[in-house]
Amino acid sequence: MLNLDELLRLDGVAAVGEFTSDGKIIEYRSNTDIPKEIAEISAQFCATVSMLFNTLAGAFTHLAKTQWVPQKV
């Protein structure tokens, strides 16, 4: 797995970060002037989407009899 600095060097990447499952920022980096407040809102959004995907993956695994849990990152 790439670390944050390696991800930030990829073409088209403006910011990278790591967050907890409840949306708190662990660490973030940016090539631009992204304020910490925007990074915090983004972390909350990503955590919410991840939680939704986990819920849907569990339901889809049960209904479709295909393995969607645990999600792969």
Mind checking which pairs have a first residue in the stretch 44-73 that is more than 13 Å from Ser21 (Cβ to Cβ) and a second that is outside any helix (DSSP H, G or I) and of a type outside the set (S, T, N, Q), Cβ under 7 Å, 6 or more apart or different chains?
Ala57/Trp68; Ala57/Val69; Gly58/Val69; Phe60/Trp68; Thr61/Trp68; Thr61/Val69
Going residue by residue through the stretch 48-71, is there one that turns out to be at pLDDT 95 or above and either hydroxyl-bearing (Ser, Thr, Tyr) or open to solvent by less than 60 Å² (accessible area, probe 1.4 Å) (or both)?
yes
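Against the definition (at pLDDT 95 or above, at negative phi and either loosely packed, with under 11 Cβ neighbours inside 10 Å or not in a strand (DSSP E or B) (or both)), how does Leu10 come out, yes or no?
Judged against the criteria, Leu10 is a match.
The values are calculated or read from the model by the stated rules, or taken from the named source; none is laboratory data. In this text, all values refer to a predicted model and were calculated from it rather than measured experimentally. All Cβ positions, even for glycine, are placed from backbone atoms using ideal geometry, and neighbour counts span all protein chains on display. Only protein heavy atoms, including side chains, enter the accessible area calculation; ligands, DNA and RNA are left aside. Shrake-Rupley method; radii C 1.70, N 1.55, O 1.52, S 1.80 Å.
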